[in-house]
Each structure stands twice: as structure tokens, then as C-alpha cells.
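Quick one: the structure is below, questions incoming.
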Amino acid sequence: MEILASSIVAGLLFGMVLALVALGLTIIFGVMDIINFAHGEFLMFGMYTALLTSQALGIDPLLTLPLAALVGFLLGIVCYRGFITYILRGPMIAQLLGTFGLMLLLRNIALLVFGSEDRAVHQGLLVDKSFEMGLGIIVPATKLAGAGLSVVAFIGVWLLMTKTRMGKALTATALNPQGARYMGISTEKMNALAWGIGGASVTVAGALIVNFWPVNPYVGLLFTMIAFAIVALGGFGSVPGAFAAALVVGLITEIPGFWDFLTYTLEMDWMYDVPMTSFKYMWIYVAYFIIMVVRPRGLFGWKH
Amino acid sequence: MALLEVDNLSKDFGGLRANDSISFRLAPGELLGLIGPNGAGKTTLFNCIAGKYPVTSGRIVFDGEDITALRAHEVARRGLARTFQVYTAAGDLTVRENVMVGCFMRTPSRRKAREQADAILTDLKLADTADLFVSELPVAAQKKVTMATALGTRPKLLLLDEVAAGLNPGEIEDIMASIRHINDQMGIAVILIEHVMELVMRTSERLIVLDSGRKIAEGLPEEIARNEQVIKAYLGERYVQEHGGEGM
Amino acid sequence: MEALKNAFDFSDQPRLDLTIAAGVALFLLTFPLLPVSAFALATMIQFFIFSLYGMGWNTIGGYGGQVDLGKAQYVGIGAYTTTILLIRWDIPFWFSMPIGVVLAVTWSFIIGYPLFRLKGHYFAIATIATSLVLKDIFEVWEFVGAARGLEISPIEYTPPDFLRLIFKEDIYYYYVLFVFFLVGILYLNWFRKSRLGYQLRAIKDNEDVARSLGINVHWAKIKTYAIATAYVSVVGSFHACYIKAIEPEDTMSLDISILIALMAMLGGAGSLWGPIIGAGILIPLKSYLKEWLGGVAGLTGMDLILYAVIIMVISAKEPRGVWGIVERVRRRKQT
């Protein structure tokens with residue numbers, strides 16, 4: 001029972017962090033219909049930002065969140081102004097390969113600057129502390145804080161998108177770019193803004209994740225794929241959909257835990273021999289594939 | 001026996017009824033005009049017959065076979081070809097290659113497809129454009145290429161969706177000649193959606209009028225021109241009251 | 001018979017292109033006889049391998065316009081089939097290669113059927129997902145060596161072994177591959193003018209119109225996907241014999257899938273010579289950048305940074321590739 005409960009809790013907590021990872025991708029997709037392969041690389045830069053500033057200044061990585069957001073915002077805008085705007089009108093394949101090029105660029109800049117070794121956070125207020133949640137569920141404090149702050153950031157961005165003038169303009173552009181243009185909203189500005197906000201939210205997610213996940217220059221791709229899956233499951237462009245889908249994907253990453261639970265409960269010998277942990281992320285792709293085929297609009301989709 | 005028999009066909013989009021219990025018959029080799037104001041449901045009717053949309057209710061029988069549930073490519077293979085309103089033809093293929101794509105429905109051989117395509121192009125007086133890219137042609141010729149491509153499938157019935165839209169009078173004459181040639185010489189039945197009244201009135205043997213998804217009239221061109229309901233549908237209630245039903 | 005004639009029929013190509021093609025073929029034929037370094041020869045072999053991959057991709061991706069980013073899984077199926085059959089049961093290349101093709105094509109039908117119900121971004125990401133699923137499975141599957149991969153030990157054979165394609169010198173591989181390369185071009189030349197080839201171009205242009213011409217769009221895509229798969233699988237089999245050590249991370253990674261699409265796109269997707277031009281530019285560039293910069297201390301990743309910048313510039317400035325430029329110049333000259 002404990003295994004089951006802690007798997008569910010762990011899955012949901014990780015899902016909350018993943019929601020923030022996917023948020024930027026879904027905003028960008030909603031506004032300009034482009035898939036960003038470099039999304040996970042933004043996350044990686046967020047991780048390095050938090051890790052290196054906290055080490056240099058001797059502060060807790062969680063205190064570097066504003067800086068990470070700033071880095072992500074600027075990175076997003078620079079990428080948009082410097083590159084994305086030129087591929088927007090091209091065919092889809094050029095967009096995909098273009099952002100793949102961006103991904104390679106960012107990844108290898110990281111390799112050049114930071115080196116290829118794994119780095120992890122070893123010191124901080126929350127590192128190595130954990131909470132008992134009852135039922136024998138023990139949650140590392142870093143993950144709990146990560147999940148909590150992710151939700152706060154997610155809601156913050158969501159409010160920004162729905163309550164402020166600027167956010168409403170952004171949403172309008174997503175729903176009807178031409179109409180928004182007639183209202184005097186500059187598409188170009190809105191696109192850049194979407195990249196800024198998208199970049200900032202994912203680097204913040206990176207700064208949270210680095211507390212419990214080591215960083216290296218290659219860490220991005222996994223998160224890019226996870227974000228793709230979440231955005232597709234939630235319906236491309238849908239922010240609430242992304243949150244719900246992220247929780248689902250979070251639970252999917254805990255399939256090995258559920259498997260263990262079933263193994264112990266059913267006491268089936270063959271089940272012990274399945275190396276389920278190795279398939280941890282495969283289920284995300286499988287889920288993506290199946291859900292896309294069965295329900296092409298995503299689980300909660302609103303935009304075609 | 002009728003070549004095409006449409007029986008109580010209805011099509012809903014969400015809550016909107018685009019076609020409402022439409023029934024009509026078409027004899028082999030007949031040339032039927034389908035007219036009606038914008039939004040009357042003409043193209044929707046074509047899309048239902050050709051299998052692009054599944055129908056909500058009703059039955060379509062083509063050449064003695066129920067084709068209601070068939071998908072677009074299956075309908076095409078049974079000898080029912082069509083053109084599209086907006087679409088012209090594949091821009092990065094030459095005129096001949098476009099027509100060959102149609103011919104490939106009946107033959108896997110490239111040589112035969114090419115021969116057939118050339119014959120059709122000659123028939124429609126497009127032979128001298130065979131090696132040009134479609135995007136290099138004027139609109140009128142592009143429209144004829146789509147007709148030629150559809151003819152490549154050797155249909156028994158050809159549905160033409162506004163082939164004369166946006167053409168000048170000389171070009172319309174030319175298209176009319178092509179349509180008559182297809183109908184008279186090749187013996188292919190044609191249903192024509194058209195806004196250019198002159199063309200429909202002069203070429204069609206019989207007309208069907210749609211308004212707001214319903215069939216409101218059917219008959220010979222001269223009858224339709226005098227039909228008060230049709231004039232109302234086109235020109236509005238007030239026009240009829242002011243001018244009386246004096247024809248179009 | 002007609003098919004064979006059509007494969008050799010290049011008459012629709014401008015004379016200039018054919019002259020250049022003949023010149024390049026002659027150069028490729030004599031290249032190993034020139035005093036060139038082993039590195040140059042190895043680079044040329046990579047060029048052949050990736051132009052063949054690119055040709056395969058070009059059928060579905062170029063002529064068909066379906067952005068397939070999952071070709072690496074078929075490289076893996078081909079490479080693993082050949083390696084496993086060779087090291088476990090000593091089945092030579094010429095038998096294992098067709099078996100690999102059958103397995104790869106069967107797999108392509110299984111996933112192709114649901115895959116082609118998707119469009120646009122959804123399709124592209126789904127192709128990546130399927131490829132990664134297969135890679136993840138191979139990484140834990142003990143029978144195929146899991147993450148360590150498999151090795152063909154050349155000591156057990158006596159090179160030159162033409163049956164198993166085990167050679168000591170690269171020059172043998174070069175010429176075997178050269179033959180594959182020529183066959184690949186002929187097949188692509190037949191394909192693009194075949195019924196399926198024309199139908200595919202109609203599909204790329206407008207699926208509704210294609211359907212109205214009696215084309216079963218879904219099935220045509222699946223068939224073409226299988227053809228693309230066969231190309232990739234054959235070369236995957238060859239690749240295994242050539243490098244003799246395969247592991248999931250190398251043979252089945254996303255980078256390989258993307259690189260395959262990139263060949264065709266850089267050269268010009270949907271054109272006969274596109275993938276060859278693309279591979280001819282990109283492979284030497286990549287391999288020499290790595291040779292010059294990859295090993296320099298303090299500059300790790302520099303080669304890939306330049307490579308990434310090139311990809312970005314192409315996708316921004318010339319999404320139709322080198323062939324797009326050629327065609328634009330030609331059309332301008334005509335008018």
C-alpha cells in the first residue's frame with residue numbers, strides 16, 4: 001500500500017513540475033503554431049543558472065528563481081528575434097529542423113562552456129531533508145518545494161495571460177491573429193512576448209528541477225519529449241489542458257512503482273523479472289502515440 | 001435507368017442543416033445545372049455525393065450501386081469524378097503529369113497513362129501547354145486542366161464546381177465548348193454548379209435550384225427562369241413584389 | 001520490363017544535369033584509386049550511407065511531404081537483424097539483409113497504419129515517439145545486447161568475405177556501397193515516375209483532390225513509408241557490417257533520424273538529386289569539422305555549434321534547399 005501511495009504522490013508532485021515545463025511550449029504553440037525542439041535546452045540553461053549562481057554566491061538554489069526567469073525571458077526573446085521570426089513563414093519541415101538546429105546550438109554551447117560532466121546540487125536549505133506525509137509516504141523536501149513553487153508559477157503565468165492587458169492581447173493573438181492585428185496588436189511583439197514568457201517559465205522549472213535532478217548538456221531532449229507529450233495530450237495551445245495532462249504524465253513516470261505494487265500484491269514471479277524501471281519514460285511515448293491516434297485533439301483539447 | 005439517384009439526402013454540420021431532404025435523378029449522358037444563391041448547399045451536396053462528407057441521412061445510388069457509405073476514393077473508382085471550387089491543380093507538376101495522375105486510376109502503366117493524358121489534352125485543346133507547369137498558366141487554362149485531370153479517371157459522371165468563376169466572356173465561351181464536348185462527344189453525364197447564369201442556362205438540359213439547403217425548383221431552363229420562387233430566392237422578396245415575376 | 005526501362009529513363013532531366021551526374025559518378029568510381037587518406041575514404045562511405053538514407057526519406061518526406069523524423073528505428077532494425085543473424089547463426093549479409101527488410105517493413109506497416117491518421121506536428125512528433133520507444137526497448141533487451149550493444153568480431157572471419165561483407169580495407173566497402181548507391185538512384189528514378197510516385201505528389205499537394213482521383217491516400221502513404229523503410233533498413237544492415245559495433249544510442253538516436261531528414265532537405269526535398277547533394281555537402285562538412293575542431297581541448301562541441309548554425313541558416317534562408325536555388329535560377333532564365 002505504501003508503495004502505491006508514494007508512487008501516486010511522487011507522480012503527482014513530478015507532474016506539477018512538468019506542468020510548468022510544458023507551459024512555455026503550449027503558450028508558444030498556441031500563439032504561433034510552431035514546435036520548439038530547443039525547449040528542453042531552455043530548461044537546461046535554467047538548471048545551470050540556478051546551480052552555478054547558487055554555488056558562486058553560496059545561496060540556496062531556490063533563491064535564484066528570479067534570475068533564472070530573467071535569463072529565460074531574455075533567451076526566449078533573443079531566440080525569437082534572432083532566429084525564429086525568420087523560419088515562421090517557411091514550410092513545417094524547415095521549422096522543425098530549424099528549431100532542432102537551435103537545440104544543437106544551445107546544447108553544444110553548454111557543452112563548450114560547462115563541460116559534459118553531470119553536476120548536482122549538494123548544498124541548500126532543503127537538500128537531504130524530507131517530509132513524512134503519513135501512510136508511510138516520504139517525500140524529499142526539494143521535490144515538494146519544486147512542485148509547490150511550480151504550481152505558484154503556473155498560476156502566476158496563467159493570471160498574467162488572462163487578467164492583464166498584455167496577457168489578453170497574447171491570448172487574442174493565439175485565438176485569431178488576423179483579428180488581433182486589426183485591433184492594433186502587433187503579432188511580431190506578441191510572438192516575441194510568447195517566447196519570453198515561454199522561456200522564463202521553463203527556465204524557472206529548470207531551476208526547480210536542478211534541486212533533485214543532476215544537470216548535463218544533454219538533459220534537454222528528455223524534457224522536450226515529455227513536454228511534447230504533455231502539450232499533445234492536453235491539446236496543443238491549451239494551458240489548463242497542459243496542467244491536467246502533466247499530472248497524467250507525472251503518474252505515467254511512476255509506472256515502475258505501480259508495477260512493483262502489483263508485483264507484490266499479486267505475487268507473480270514473472271513480474272519480478274521485468275526491468276520496468278528501464279522503461280520509465282517509454283510509457284510517455286507510448287501514451288502519446290495511443291492517445292494521439294485514438295483522440296487526435298488530445299485529452300482536453302480546445303484548439304484543433 | 002437513372003445513372004445517379006439521390007434520395008432524401010440530408011447533411012447536418014453541428015446544428016446547421018446544410019442539405020435538407022434533397023432528391024433528384026440524373027439520366028446517363030444528361031447535363032444538369034445546379035444553381036442557387038451563396039450558401040444554398042450546392043457544394044455540400046457535391047461533397048456528399050462524391051463521398052467527401054458522410055451524409056446524415058438519405059441514400060445515393062450511382063450506376064445501380066448504393067454508394068452512400070463509400071469514401072471519396074472508392075466513389076471515384078466507380079466512375080464519379082469531380083472538380084473543386086477553389087483548387088486549381090498541383091503547381092509543381094506539369095499539365096501532362098497532372099492529367100496522368102487522373103489516368104493512373106485506371107492503369108498502372110506510365111506509358112498508357114501518358115498516351116491517355118495526351119489524348120485528353122488534345123481533346124480539350126490543351127496539347128500545347130502539356131509541358132508547362134500548371135502554375136505558369138492563366139486561370140482559365142488551369143480550370144481546364146482540373147477538368148482534364150478528372151476526365152483522366154474516365155468517369156461516367158463529372159461534377160463541375162464553378163469552373164467558370166472569375167473568367168472573362170471569351171474564356172467562358174471556351175469552357176462552355178469544352179463542357180459540351182465532354183457531354184456530347186465523350187458521352188459523360190455532367191452536373192454543373194455555376195454562378196455564371198448565361199453558361200448554365202445555355203448549356204444545361206435541366207436545372208435544379210437549391211435555397212437554404214432545400215430543393216426549391218426543378219425543370220427546363222426556360223421554366224426555371226420564370227419560376228417565382230427561384231426569382232425570390234435570388235433577388236429577395238422585395239424585388240419580386242416591386243417588379244412582379246417577370247423572369248430573369 | 002517497362003519498369004526496368006523506366007528506371008533507366010532519365011530523359012526528362014536537363015542535359016546539363018546528366019552531364020554533371022555522369023562526371024560525379026566517374027569521380028566517385030575512381031575516387032579510391034586516387035591517393036586519398038583513409039579518413040577521406042571513410043568520409044565518402046558515410047556520404048554514400050547518408051545519401052541512401054536521404055533517398056529513402058525523400059520518397060515519403062520529399063515527394064509525399066510527410067515529415068518523418070523516426071527513420072532511425074529502421075536503421076536499428078536492419079543493423080540489429082544483420083548483426084544478430086551473423087554472430088548467432090553465421091547467416092551472411094545477403095540473406096540477413098532481406099530478412100531485415102521484411103522485419104522493418106512489417107514493423108512499418110504496424111505503426112504506419114495508426115501513424116498516418118495523424119497530420120502535421122502530431123505526425124512528426126509521433127514518428128519520433130515510435131522511434132524512441134523502439135530504442136528504449138533495445139536498451140534493456142538482453143537478447144540484442146541491451147545498452148552495451150553488439151559487436152561483430154572480424155577475427156572470426158577471413159576477409160575479404162564478400163558473402164558476409166567483412167573486409168579489412170575500406171575500399172571493398174566503398175565499391176559495394178557504390179553499387180547500392182547506383183541501384184538506389186535507379187529505384188528512386190523509377191519511383192518518382194511510377195503510379196505511386198505521381199499519386200504521392202498529388203497527395204502532397206491536396207489530399208481531397210487526390211481522393212477525388214481515386215487515390216486511397218492513407219494506403220498510398222503507408223506503402224511509400226514502407227519503401228522508405230526498406231531503403232533505410234538495407235543501408236542499416238550494411239552499416240552494421242561496416243562499423244561492426246552497434247548500440248541503440250548510436251544507431252537509433254533522434255540525431256540520426258534528424259540527420260536523415262536533413263540530407264534531403266538541405267539538398268532539396270522532393271527532387272531526384274536532392275539527397276545526394278545534401279549528403280555531399282553535409283557529411284564532409286560534419287566529418288571534417290569534427291576532425292579539425294572536435295579534438296581541440298577547450299573547444300569541445302565547437303564543430304557541432306558550427307553545424308547547428310548551418311542548419312539554422314538553411315532553414316531560415318533556403319527551406320527548399322540547394323535544389324530550390326537551382327530551380328529558381330532556371331525558371332528566371334526561362335522567362
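How far apart, in nm, are two points set 7 Å out from the Cα along the Cα-to-Cβ line at A:ALA5 and at C:GLU327?
It is 6.4 nm.
Can you give the percent of C-alpha pairs in the protein assembly as shown whose distance is more than 50 Å? Mind dumping the intermediate values first?
On the way: 114290 of 392941 pairs.
When all Cα pairs of the protein assembly as shown are counted, 29 percent exceed 50 Å.
Here is a follow-up. Would you please give the FRET efficiency between B:GLU173 and B:ARG25, computed as 1/(1 + (r/R0)^6) with r the Cβ-Cβ distance and R0 = 25 Å, to the nearest 0.05?
Working: r = 30 Å, r/R0 = 1.21.
Working from the Cβ atoms, E equals 0.25.
Taking the Cα centre of each part, how many Å lie between the stretch A:1-54 and the stretch A:163-199?
After rounding, the separation between the Cα centres reads 23 Å.
Computed on protein heavy atoms with a 1.4 Å probe, what is the summed buried accessible area for the chain pair B and C, in Å² to the nearest 100?
Details: alone 11490 and 16530 Å², together 25730 Å².
The contact between C and B buries close to 2300 Å².
Most fluctuating residue of B:LEU126, B:LEU199, B:LEU16 in a GNM of chain B with Cα springs under 10 Å: which is it?
B:LEU16
Let me cross-check C:HIS239: its accessible surface, 1.4 Å probe, with only protein heavy atoms counted, in Å² to the nearest 10?
Accessible area of C:HIS239: about 30 Å².
Quote the FRET efficiency, to the nearest 0.05, computed for C:ALA25 versus A:GLN178 with a Förster distance R0 of 60 Å and r equal to the Cβ-Cβ distance.
Values: r = 51 Å, r/R0 = 0.85.
With a Förster radius of 60 Å, E is 0.75.
Restricting everything to alpha-carbon atoms, can you work out Rg to Rh for the stretch B:88-154 with a Kirkwood hydrodynamic radius?
Radius of gyration over Kirkwood radius for the stretch B:88-154 works out to 0.93.
Would you list which aspartates and glutamates come within 19 Å of C:LYS5, measuring only between C-alpha atoms, while excluding same-chain residues fewer than 8 positions from it?
Hits, sequence-local ones excluded: B:GLU97, B:GLU115.
Sketch the reach of a paramagnetic label on C:ASN206 as a point 7 Å from Cα along Cα-to-Cβ, and name the residues of the stretch B:93-131 whose backbone nitrogen lies under 18 Å away.
Taking a point 7 Å out along Cα→Cβ of C:ASN206, the residues of the stretch B:93-131 whose backbone N falls under 18 Å are B:93-105.
Under a plain spin-label model, where a point goes 7 Å from the Cα along Cα-to-Cβ, how far apart in nm are C:TRP219 and A:THR187?
Going by the 7 Å Cα→Cβ label model, 4.0 nm.
Counting only protein chains, not ligands or nucleic acids, how are A:LEU67, A:LEU175, A:LEU25 ordered by accessible area (probe 1.4 Å), most first? Walk me through the numbers before you get to the answer.
Values: A:LEU67 70, A:LEU175 115, A:LEU25 5 Å².
These residues rank, largest area first, as A:LEU175, A:LEU67, A:LEU25.
Using each residue's phi in the stretch B:29-44, evaluate 6.51 cos²θ - 1.76 cosθ + 1.60 at θ = phi - 60° and report the 3J(HN,Hα) Karplus result to the nearest Hz, with x for Gly and Pro.
For the stretch B:29-44, the Karplus curve yields x, 7, 10, 10, x, 10, 10, x, x, 4, x, 6, x, 5, 5, 4 Hz.
Moving on to the next point. Apply 1/(1 + (r/R0)^6) to the Cβ-Cβ distance of A:VAL294 and A:TRP158, taking R0 = 30 Å, and write down the FRET efficiency to the nearest 0.05. Show your work: numbers first, answer last.
On the way: r = 28 Å, r/R0 = 0.94.
E(calc), rounded to 0.05, equals 0.60.
Note down the nm distance, to one decimal, between modelled labels 7 Å out along Cα→Cβ at C:LYS5 and at A:ARG89.
4.7
Right, here's the next one. How many angstrom separate the Cα center of the stretch B:1-40 from the Cα center of the stretch A:249-272?
So the separation of the two Cα centres works out to 58 Å.
Right, next: Amide H to amide H under 5 Å from B:GLY33: which residues, 5+ apart in sequence or cross-chain, H placed 1.01 Å off N in plane?
B:LEU192, B:GLU205, B:ARG206, B:LEU207, B:ILE208
The values are calculated or read from the model by the stated rules, or taken from the named source; none is laboratory data. Model, not experiment: these values are computed from the prediction. Cβ coordinates were reconstructed from backbone atoms using ideal geometry, including for glycine residues, and neighbour counts include every protein chain displayed. Areas reflect the complete protein model, heavy atoms only, side chains present, ligands, DNA and RNA absent. Shrake-Rupley method; radii C 1.70, N 1.55, O 1.52, S 1.80 Å.
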